[in-house]
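The values are calculated or read from the model by the stated rules, or taken from the named source; none is laboratory data. Since we're looking at a predicted model, the values are computed, not measured. Heads up, the Cβs are rebuilt from the backbone with ideal geometry, glycines too, and the neighbour counts pull from every protein chain shown. When the accessible area is computed, the model is the full protein with side chains, heavy atoms only, and any ligands, DNA or RNA have been set aside. Shrake-Rupley method; radii C 1.70, N 1.55, O 1.52, S 1.80 Å.
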Amino acid sequence: MKQRTVPLGKTEIRITPVGLGTWQFSGGKGMAGSFWKAIPPDITNEIVKNALEGGINWFDTAEAYGRGHSEASLAKALKTHNISPDDVVIATKWWPLFRRAKNMLRTVDDRLHHLNGYGIDLFQVHTPFGFSPVEAEMKAMARLAEQGKIRSVGVSNFSANQMVRAHKTLRKMGLTLASHQVKYSLLDRKIEKNGILQTAKKLGITLIAYSPLEQGILTGKFHRDPDRIRFTGYRKWRKLFHRPALQKTLPLIRLLEEIAENHGTTPAAIALHWTIRFHGDTVVAIPGASKPGHIQAHSEAMRIDLGEEELHQINATSKTVCRELS
Ligand SMILES: NC(=O)c1ccc[n+]([C@@H]2O[C@H](COP(=O)([O-])OP(=O)(O)OC[C@H]3O[C@@H](n4cnc5c(N)ncnc54)[C@H](OP(=O)(O)O)[C@@H]3O)[C@@H](O)[C@H]2O)c1
């Protein structure tokens, strides 16, 4: 299925408004990887196959997702389906904790090794908490671009100010900051108030929304069956999954369900559609999936076409619910 594409920042790379997040492919390994239950390789392959068939043309992974396990599982699945590296866009991330910028130059070959023939189209600094300043990290990124090891540069979890510093440093070297990966969903709208959204729009930086389904809450499955929370691993410690918060978010879920029914789709697809529609081409989303069936919503989010009134109705209810939660 062919889907519309948008530019990744000011680069020539084009991505579908929905990409697939692959933290779930960590194999339960490492600190970050243990967040999700390990998924068997045949299921990973099927998730990737459904994503490709649903028109998704890009994948987000990271060094921290199982210390290369996610990158390797993704590459293996793409190979299984005979996908040429030129036909997909791969985004991965360098993990900066307790490291200096020059570590990026030393470890990029590990990333390429795990990706097994698939190149790094977008290389992102995972968090702003490294030992080196943003400027040094961007200089290391520029070096990698010059060496042809990466095609574009992104950051993640930066403040608006850090994002501007990254952008300015890259500009001096003839590059641009392609993207900023941030937490954003109908239940988390901080980027609209802290300057990130406004600055990204002004500078032409793509915002990549992570956890756009609030780790499953916006699908409505926890509202329909609150006992599910017992089987969600670490998510059970998040207050948003507890009954009092579920009660507060219920009006939004009810609205998503109602609109979904009118469009013959699911609340998850509606929530994702709003995320990739409401701010034009500035915001794209990378929902994760633990089951092949989840991909239908990811793909439908790009197919459906909500009216302005519906988009604004969702916006207003989401704002009221976010206020209730704060
Ligand atoms: N840069 C960062 O710091 C950062 C941080 C977090 C995430 N990320 C990236 O963003 C991606 C997505 O974020 P996320 O995984 O935290 O949250 P998410 O995409 O909001 O939620 C994903 C989870 O929701 C459930 N789900 C997805 N589609 C569903 C459907 N149609 N029906 C029912 N359940 C469904 C699945 O959980 P269950 O089946 O297990 O219930 C799935 O594992 C990650 O894979 C990763 O690539 C980046």
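Pick from segment 152-171 the residues that are assigned to a strand (DSSP E or B) and small (Gly, Ala, Ser): which of them is nearest to Ile205 (Cα to Cα)?
Of the residues in segment 152-171, the ones assigned to a strand (DSSP E or B) are 153-156.
With the extra rule that they be small (Gly, Ala, Ser), the set shrinks to 154, 156.
Working: Gly154: 9, Ser156: 12 Å.
Across segment 152-171, the extreme among qualifying residues is Gly154.
Tell me which residues, restricted to segment 173-192, are in a strand (DSSP E or B), within 13 Å of the ligand (Cβ to nearest atom) and open to solvent by less than 10 Å² (accessible area, probe 1.4 Å). Even if it seems obvious, please write down each step before you answer.
Within segment 173-192, the subset in a strand (DSSP E or B) is 177-183, 185, 188.
Restricting the remaining residues to those that are within 13 Å of the ligand (Cβ to nearest atom) gives 179-183, 185, 188.
Correct list: Ser179, His180, Gln181, Val182, Ser185.
Counting only residues that are among the aliphatic types (A, V, I, L, M) and outside any helix (DSSP H, G or I), which one in segment 205-241 is farthest from Leu122 (Cα to Cα)? Write out each step before concluding.
Initially, segment 205-241 is screened for residues among the aliphatic types (A, V, I, L, M), giving 205, 207-209, 213, 217-218, 229, 240.
Add one more test, that the residue is outside any helix (DSSP H, G or I), and what stays is 205, 207-209, 213.
Working: Ile205: 13, Leu207: 13, Ile208: 12, Ala209: 15, Leu213: 23 Å.
Among those that are among the aliphatic types (A, V, I, L, M) and outside any helix (DSSP H, G or I), it is Leu213.
Taking the conditions exactly as written (under 20 Å from the mean Cα position of the chain (by Cα), within 14 Å of the ligand (Cβ to nearest atom) and either surrounded by fewer than 21 Cβ atoms within 10 Å (Cβ to Cβ) or at pLDDT 95 or above (or both)), does Leu197 satisfy them or not? If you could, list the steps in order and put the result at the bottom.
On the way: under 20 Å from the mean Cα position of the chain (by Cα): yes; within 14 Å of the ligand (Cβ to nearest atom): no; either surrounded by fewer than 21 Cβ atoms within 10 Å (Cβ to Cβ) or at pLDDT 95 or above (or both): yes.
So Leu197 does not fit the description; no.
Restricting attention to segment 155-162, does a residue exist that is surrounded by fewer than 16 Cβ atoms within 10 Å (Cβ to Cβ) and more than 20 Å from Ile196 (Cα to Cα)?
No - not one qualifying residue is present in segment 155-162.
Pairs under 8 Å by beta carbon, first residue closer than 13 Å to Ala289 by Cβ in segment 30-45, partner surrounded by 15 or more Cβ atoms within 10 Å (Cβ to Cβ) and charged (D, E, K, R), six or more apart or different chains?
Qualifying pairs under 8 Å: Thr44/Lys76; Asn45/Lys76.
Of the residues in segment 218-249, how many are without any contact (Cβ under 8 Å) to a residue 40 or more places away in the chain, within 26 Å of Ser156 (Cβ to Cβ) and either open to solvent by 60 Å² or more (accessible area, probe 1.4 Å) or in contact with a His (Cβ under 8 Å, 6 or more places away or on another chain) (or both)?
Residues in segment 218-249 being without any contact (Cβ under 8 Å) to a residue 40 or more places away in the chain, within 26 Å of Ser156 (Cβ to Cβ) and either open to solvent by 60 Å² or more (accessible area, probe 1.4 Å) or in contact with a His (Cβ under 8 Å, 6 or more places away or on another chain) (or both): 4 in total.
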